[in-house]
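Below is one structure, written out as structure tokens; the observations come after it.
Read the figures in this text as sums done on the coordinates, not as results from a lab. Predicted model only: the values in this text are computed from it and were never measured. Note: ideal-geometry Cβ built from the backbone for every residue, glycine included; neighbour counts use all protein chains shown.
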Amino acid sequence: MYVPRFNTMEADEARRLVTAVGSAQLITVAEDGYPAATLLPVLWDEDRLVFHMARANPHWRSIRPGSPALAVVSGAEAYVSPAWYPSKDEHGRVVPTWNYSAVHVTGRAEVHDDADWLRDAVTRLTDTHEQQRDAPWAVADAPDRYLDKQLRAIVGVELTIERVEGKAKLSQNKDDADFGGVIAGLRREGAGREELVADAMAALRPSVADGT
């Protein structure tokens, strides 16, 4: 990933984004030499990422122990109009861009077909998403025979992390006036993803966001 210095995301920020998004594109090389990718729920556990996918998905069959793998996690993203920059009226030297946050995790993958491993992985992933609910559902709530059948329909994938690259491209190279103009423009768009990008920008420069 190309990451200019001012767009670098710290390690703890990268992990928070992966956890908040909760899914990743798992990319490996298929047997025909072309990339294979599947969007999967993801759990970051110490030095590994844990996934599971449908057994009917042929992707996992080409993953050998130690296969190189890349997990791509995409955060909020949005188009940035040059019309939002106050500097447009001063000199006109402005162009469109795209603001986004993303994390790339590179490592080695292997497939797990053990029922206990799968049950633990699914349980931990479920608990992660259910813990904030008023009445959280648990894997143990499902009948054992039904759960066993469901587990036989999936396989697990573990990616041992070797490198983490995080990028937050959020107009950090702009002065406060243009930076504030982008936040205001994104909020006027009124859509969910634009609001999320504006929130991420506001967290970087609170004084600009609140006009102080």
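What to note about this one:
- If you go through segment 153-181 and keep only what is in contact with a helix residue (DSSP H, G or I) (Cβ under 6 Å, 6 or more places away or on another chain) and under 30 Å from GLY66 (Cβ atoms), you end up with VAL155, GLY156, VAL164, GLY166, LYS167.
- Within segment 47-67, considering residues that are surrounded by 14 or more Cβ atoms within 10 Å (Cβ to Cβ) and assigned to a strand (DSSP E or B), the one farthest from the chain's Cα centre (by Cα): SER67
- Residue in segment 94-106 that is loosely packed, with under 12 Cβ neighbours inside 10 Å, without any contact (Cβ under 8 Å) to a residue 24 or more places away in the chain and closer than 23 Å to THR160 by Cβ present: no
- HIS91 closer than 30 Å to SER171 by Cα and out of contact with any helix residue (DSSP H, G or I) (no Cβ under 9 Å at 6 or more places or on another chain): yes
- The residues listed here are PRO82, PRO35, PRO41; of these, the one that is of a type outside the set (Lys, Arg), more than 24 Å from GLY190 (Cα to Cα) and touching a residue at least 12 places away in the same chain (Cβ under 8 Å) is PRO41.
- For GLU194: the one exception among (1) charged (D, E, K, R); (2) within 17 Å of the chain's Cα centre (by Cα); (3) in a strand (DSSP E or B): (3)
- Restricting attention to segment 163-212, the residues that are closer than 30 Å to ARG108 by Cβ and loosely packed, with under 12 Cβ neighbours inside 10 Å add up to 1.
- The requirement of being within 30 Å of TRP98 (Cα to Cα) and of a type in the set (Asp, Glu) is satisfied by ASP178.
- Counting only helices (runs of 4 or more DSSP H) that sit wholly inside segment 81-164, those with at least 2 residues that are touching a strand residue (DSSP E or B) at 6+ places or on another chain (Cβ under 7 Å) are 115-130.
- Per the conditions (1) within 20 Å of the chain's Cα centre (by Cα); (2) assigned to a strand (DSSP E or B); (3) not aromatic (Phe, Trp, Tyr), the sole criterion not satisfied by ASP199 is (2).
- Condition met for LEU39 (surrounded by 15 or more Cβ atoms within 10 Å (Cβ to Cβ) and among the aliphatic types (A, V, I, L, M)): no
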